[in-house]
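Only one structure is covered here, and it is reproduced in the block below.
Coordinate-derived values only; no laboratory data. Remember, it's a predicted structure, so these values are computed and weren't measured experimentally. Reconstructed Cβ throughout: ideal geometry from the backbone, glycine too, with neighbour counts over all protein chains shown.
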Amino acid sequence: MLRSLAAGSILLPGIVSQLLADAGAVDPLATKSPHFPGKAKRVIFLYMSGGISHMDTFDPKPKLAEMGGKSPAARPGARYLQPFWDFQRGGKCGTEVSDLFPHLRDCMDDVCLIRSMRGDHQDHFQATLGIHTGSVSFARPSLGSWVSYGLGTENQNMPSFVVLAPQLPYAGSQVWSSDFLPGAHNGTRVLAGREPIPDLNRRSLTPDIQEAELGLLAQFNRQHQQLHPTDPALAARIKSFETAFGMQMVMPEVLDLSKETDATLDLYGLERGSAKGFGWQCLVARRLVERGVRFVELIDSGSNNNWDSHSDMHAHAPLAKNVDRPIAGLLRDLKSRGLLEDTLVVFTTEFGRTPTTDGPLGRSHHNSAYSSWLAGAGVRGGMVHGKTDEFGAKVIEDEVHVHDFHATILHLLGLNHEKLTFRHAGRDFRLTDVSGNVVKAILT
């Protein structure tokens, strides 16, 4: 009897398709056409949690080094803190990057470095929400969810938005939440280990038993649908069953790195059999985008800490070592496979650090100026955009607000940030609120 409930389908995809058809619902993850042809088809979003010091990494400040230990004229009680690492030119373009990122420095011909970022808040929680959702005050859908909503997925057996986050960042799972967008656009968190996604492993004894169980569940869903025909969350829940079933088939293969060559593993600085560190995250991200995942976010929180270096900037050194080689390896690997042509790689943090001390050798939060970078599809590599003052305290040329940053990422995907809207609570919402301009100077 149970088996007959699944009649007309081999397994769950057929059941779900029928349920959605009966509901008259549109598949929320169906592939959608962009507003205009975009250079990028997918995004890998590298997020460094805690606030990287721009003047110690991507924005050289000789004047700050000269003034180290001295007090600003306007703040007699403060003290300038000199950068702790030297800067060298990288690539043919000669972009200066500090010795914290020697491997990434060699890739700067493919990178557009933005030295003029500005956010709206200097507290971790709010700034983390800002760089992910565009709002520092209210819960809003994340960038990845907006991209999923705008473009759908290229692989119906996989989520359109995957998050590789060994540890929760500030603001927790809200940074990958779909909020008021349909639930199918919520980010799916994947962890290293025996069960990368909670409850994904098959619990049924055999495939036949699972099919029967899913058939019974489908029958209950039909009954619920008849009682609540206008439930807006129903299609998302039904779709989540199909995606979960597809992931049971596909995700174990994605996470199985045993067939990767020694040369590839070495490129990411990853030991064979290891599922630890940012190298694992970067290699899995490449395998996910190869299989059609639209948006992959990698969150680095450090093994025991994050980039929030209040007392001693030397804490940046092990954190940079953990991500430098893997990120450079990711860029090289994508490029060698032809994937960088239509994959946008984004590197950012929630804010920068102050030029003055906060603790003996540390820096405080600083949202008025910091650095981020883009590489890949549609981006002019080998260039620097924007400029801060001689201390890195404020932007003095070509400011890029977080809304501009988001508008540019959407533009590269073929999405007009002013037209990518969703009706909620009586008004149309968008990622960039009521502002934001595409940074055209960095586009090819």
**Complete:** Amide H neighbours of Ala393 at under 5 Å, excluding residues fewer than 5 places away on the same chain, with H built from the backbone geometry, are none
**Share of pairwise Cα separations in the stretch 341-444, more than 17 Å, in percent** = 61
**Entries in Lys39/Lys335; Lys321/Lys394; Lys61/Lys394; Lys419/Lys440 that, when Cα-Cα distance is taken, lie over 20 Å** = Lys321/Lys394
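Please report, in debye to the nearest 20, how large the charge dipole of the stretch 103-167 is about its Cα centre when each Lys and Arg carries +1 at its beta carbon and each Asp and Glu carries -1 there.
My answer is approximately 200 debye.
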**Per-peptide average of other Cβ atoms within 10 Å, ordering 126-137, 57-68 highest first** = 126-137, 57-68
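Please label the shape of the stretch 116-197 as rounded, prolate or oblate, based on the square roots a ≥ b ≥ c of the eigenvalues of the alpha-carbon gyration tensor (a/c under 1.5 means rounded; beyond that, a/b larger than b/c means prolate, else oblate). Write down the numbers at each step before the final one.
Values: a/c = 2.26, a/b = 1.40, b/c = 1.62.
Judged from the Cα gyration tensor, the stretch 116-197 comes out oblate (a/c at least 1.5, b/c at or above a/b).
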**Asked** With no solvent and one point on each alpha carbon, what is the Debye value of log10 I(q)/I(0) for the stretch 241-398 at q = 0.10, 0.13, 0.19 Å⁻¹?
**Response** -0.47, -0.76, -1.26
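Ratio of the stretch 366-413's C-alpha Rg to 2.2 N^0.38 Å, to two decimals? Don't skip to the answer; put the middle values down first.
Values: Rg = 11.7 Å, N = 48, 2.2 N^0.38 = 9.6 Å.
Dividing the Cα radius of gyration by 2.2 N^0.38 Å gives 1.23.
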**Asked** the stretch 359-427: which trypsin sites (Lys or Arg not before Pro) are DSSP loop and have at most 12 other beta-carbon atoms within 10 angstrom?
**Response** Lys419
**Item:** Taking Ile299, Ile44 and counting other C-beta atoms within 10 Å, the order from fewest to most
**Value:** Ile299, Ile44
